[in-house]
1. Of all residues in the range 40-60, how many are more than 18 Å from A99 (Cβ to Cβ) and not in a helix (DSSP H, G or I)?
2. If I filter the range 9-56 down to residues being among the basic types (K, R), surrounded by 15 or more Cβ atoms within 10 Å (Cβ to Cβ) and free of Cβ contacts under 8 Å to residues at least 24 places away in the same chain, which single residue comes out as farthest from G82 (Cα to Cα)?
3. Those residues that are among the small types (G, A, S) and closer than 14 Å to D52 by Cβ, I need them from the range 64-89; list them, please.
4. Taking the range 74-107, which residues are within 18 Å of F225 (Cβ to Cβ), of a type in the set (S, T, Y) and part of a helix (DSSP H, G or I)?
5. If I go through the range 44-73 residue by residue, how many of them are within 15 Å of A226 (Cα to Cα) and among the basic types (K, R)?
6. Which residue, of K200, K156, is touching a Ser or Thr at 6+ places or on another chain (Cβ under 8 Å) and either under 25 Å from A230 (Cβ atoms) or surrounded by 14 or more Cβ atoms within 10 Å (Cβ to Cβ) (or both)?
7. Being hydroxyl-bearing (S, T, Y), in contact with a helix residue (DSSP H, G or I) (Cβ under 7 Å, 6 or more places away or on another chain) and assigned to a loop (DSSP other than H, G, I, E, B) is the filter here; which residues of the range 108-166 pass it?
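The values are calculated or read from the model by the stated rules, or taken from the named source; none is laboratory data. Model, not experiment: these values are computed from the prediction. A quick note on method: Cβ atoms are made from the backbone with ideal geometry, for glycine too, and the neighbour counts reach across all protein chains shown.
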Amino acid sequence: MAWRSSGTTNNEMVDNLKRFHVISSDEVEAGFRSVDRRLFVPKNCQDLAHKDQPIREDNIHISAPHIYGSVLEALDLKKDAGLSFLNAGSGTCYLTCIAASILGHRSVHYCVEIHEDVLRHSKEAITAWKKGLSPGHTIPNIELIHGNALELNTNKGECALGFDRIYIGAAIQKYSLPMFKKMLKPGGILVGPVGDELVKVVRSQSLSPETIQKFTTHVLSGVRFAPLLADPDIQTIIPARVWDPSKHHLYPSSFRGACNELLLCSNASRNQPVKIRPQEKINVASMLPRALWVEVLSFAHHDWFDQPLTEVEFLRRRLAEEQAKTEQANQAKEEAESRYRLAEKERDVYLVLARTLRTRLISTRREESHGTETIEEAAAAMLFGGMGSLSPFGLDRMLRHLRAPPAEGNDEEMGEEGDEQFEDEMSEDTDDSEEDEEDSDSDDDDDDDDESLSIVSDHQDSTIEDDIISKNRRAQVRKISLSEEDL
């Protein structure tokens, strides 16, 4: 079943994700809008492209948009941050492209996928996405690697240097989590399904070697993912990134600044003092040729020239992060309180509605039970239960009318007047019986009155039976006399 964040277009889907608080940051919203999900779903499922539900066709799996929204918010991606990103079990690379759009063209993205047909589908989708971008939009580097994410060599290549962000696209067991945690850089974030839980792991960023190995784990939600495949057993190495002048613009500013200084100073004789003195520093860069420095820089990692944080800078960064988290938590608290108040109002409305429906149901059942009872059942109840049991039907008034002695005068006139009087009495008795029913619901003492009335009426049963039998006999005698006159 699709979630509530479905839409007919990509922008409408993003609007609903924003409306139902699946995504909250402007960076994630802009990333979703820049990458159309339709490009990444299988061709036979284009009608489901903007539905908030998972899609699966053969080996191609793509999670529901609300899952990706929760993951991207948890990864805490900042615009143009230039981070390194690993997607283990990348699938269609839909999430990778959103992350690349957020992190900017200097970010580095590695996608590890075990199925070759899924890799081909991903390449086609990424190519189509790049064609739809504006001409001035610089595309970050996304490397697709055929391999097994559970068999990554953590001691070689980029895995040995670590990643700033890691997403696991399929479910892993708890015993596999330490391998991925090992590949996190200090301050890095990992998000992925572990068993039936979507977890977030943050590595501590500290100046102390003892605390830098600490990890904090949070459970985001319960999920159900397909497992990350262990077969086939493919030993996978993510090759280290090689610098060359053509890729110079993709590296961080600190790396680019160091390269510029080294290359500009190479073979520069004027940078050396005429006579080297012991107290003078030697400019090594000017003593080596530029080609050698290019070769050396090709082995350098992109964050080697980053300046280490001082204690004050580190504390300022941590303070800013905590303030942002506190503000986000307060906003979430206010939203939760507003939803709670709304739920309370809805609950009160539903309680009133439930009471009303219950009252109507009880009255309907009473009306049905009174309407389906036959005259024979009413007579039997009168004979065996007394006149009090027939008061709701008005039959006790009918019997009293039959037992009353006939008045002197014209029989037809008296009969018509008697019928009108009887109808009036019956209507009054019906109203009285309805009032008695309401009183019986509100006061339990009426049950004792009904019992006493039934006891008194039991003494009158014999008289009532005699009256009915005598009147039936008189009617039969009249019929016999009429038949004799006809003869």
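1. 14
2. K18
3. A64, G69, S70
4. Scanning the range 74-107 gives Y94, T96.
5. 1
6. Step by step, each of K200, K156 is checked, and only K200 is touching a Ser or Thr at 6+ places or on another chain (Cβ under 8 Å) and either under 25 Å from A230 (Cβ atoms) or surrounded by 14 or more Cβ atoms within 10 Å (Cβ to Cβ) (or both).
7. Passing the criteria: only T154.
Table: residues versus (1) surrounded by 24 or more Cβ atoms within 10 Å (Cβ to Cβ); (2) in contact with a His (Cβ under 8 Å, 6 or more places away or on another chain); (3) not assigned by TED's automatic domain parsing to the domain that holds F20.
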residue: S70; (1), (2), (3): no, no, no
residue: K79; (1), (2), (3): no, no, no
residue: C93; (1), (2), (3): yes, no, no
residue: A99; (1), (2), (3): yes, yes, no
residue: G104; (1), (2), (3): no, no, no
residue: S107; (1), (2), (3): yes, no, no
residue: Y110; (1), (2), (3): yes, no, no
residue: E116; (1), (2), (3): no, yes, no
